[in-house]
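What follows is one structure encoded as structure tokens, with my remarks underneath.
The values are calculated or read from the model by the stated rules, or taken from the named source; none is laboratory data. Being a predicted model, the structure only gives us computed values, none of them experimental. For neighbour counting, all protein chains shown are included, and Cβ atoms are generated from backbone atoms with ideal geometry for every residue, glycine included.
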Amino acid sequence: MRRSIPVFLLIIGLVISVNAQAQQGMSNHEHSMGTPTTDLVARHVVNFPPAIQTHFLANMRDHLKALAEILTAMSSGQYAKASKIADARLGLHSPGAKACTLDGKKSNTQNKPMKMDMGTMMHQFMPPDMQKLGLAMHKAASQFAAEAEKASKNGNGKPAFAALAHMTQRCVACHAAFRIR
């Protein structure tokens, strides 16, 4: 019980830190895009076709669910579990990262029909700045996964919690800059 109180306080500190970062701005790049803001008018509207919008929103809900599972694992010292969740569902090699990591090549050198999966289609409708913010979150998730894995071996969760805060700040920056319709 005594161990859970400091972990709880650390999580509360993480939430306060993310909120403070959101109010102060994440970086010059994000600030120049008008973020963060809670003003819906200032957020860039991204128009996805209905099927892509449905898929995109499902991805966002899964990202949020993964974050909740990560927080639960971290709060109980299950750093390896948190690492696996982040790597599989939020990291650079996760299914949702594809829309942010495509190289932009749309040509087909062999003149065969291109297979268009949902990640490729989402990529075509995402503005470049949205892709950059999404890629930054996926990179931060992979970095968090590495830090959480280290914590599972050495017992020091502080660097993992710091990496988790950095990752969630990327989430906040993107959600503050964009909205979909």
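If we scan segment 142-153, do we find a residue that is touching a Leu at 6+ places or on another chain (Cβ under 6 Å), modelled with pLDDT of 95 or more and part of a helix (DSSP H, G or I)?
Among the residues of segment 142-153, at least one is touching a Leu at 6+ places or on another chain (Cβ under 6 Å), modelled with pLDDT of 95 or more and part of a helix (DSSP H, G or I), which makes the answer yes.
Can you name every residue in segment 131-162 that is of a type in the set (S, T, N, Q) and closer than 30 Å to residue 48 by Cα?
131, 142, 143
Could you pull out the residue among 97, 80 that is surrounded by 16 or more Cβ atoms within 10 Å (Cβ to Cβ), modelled with pLDDT of 80 or more and closer than 30 Å to residue 155 by Cβ?
Unique residue meeting the criteria: 97.
Just checking, which of 82, 73, 97 is closer than 15 Å to residue 161 by Cα and either within 14 Å of the chain's Cα centre (by Cα) or without any contact (Cβ under 8 Å) to a residue 24 or more places away in the chain (or both)?
73
Pick out the one residue from 74, 122, 130 that is outside any loop (DSSP other than H, G, I, E, B), touching a strand residue (DSSP E or B) at 6+ places or on another chain (Cβ under 7 Å) and either over 27 Å from residue 43 (Cβ atoms) or modelled with pLDDT under 95 (or both).
One residue alone meets the criteria, 130.
Answer with yes or no whether residue 90 is crowded, with 17+ Cβ neighbours inside 10 Å and touching a Cys at 6+ places or on another chain (Cβ under 8 Å).
The answer is no for residue 90.
For segment 116-158, give me each residue that is among the basic types (Lys, Arg) and under 19 Å from residue 71 (Cα atoms).
Answer for segment 116-158, where residues must be among the basic types (Lys, Arg) and under 19 Å from residue 71 (Cα atoms): 139, 150, 153, 158.
Please verify whether residue 116 is closer than 26 Å to residue 55 by Cβ and modelled with pLDDT under 95, treating the condition exactly as stated.
yes
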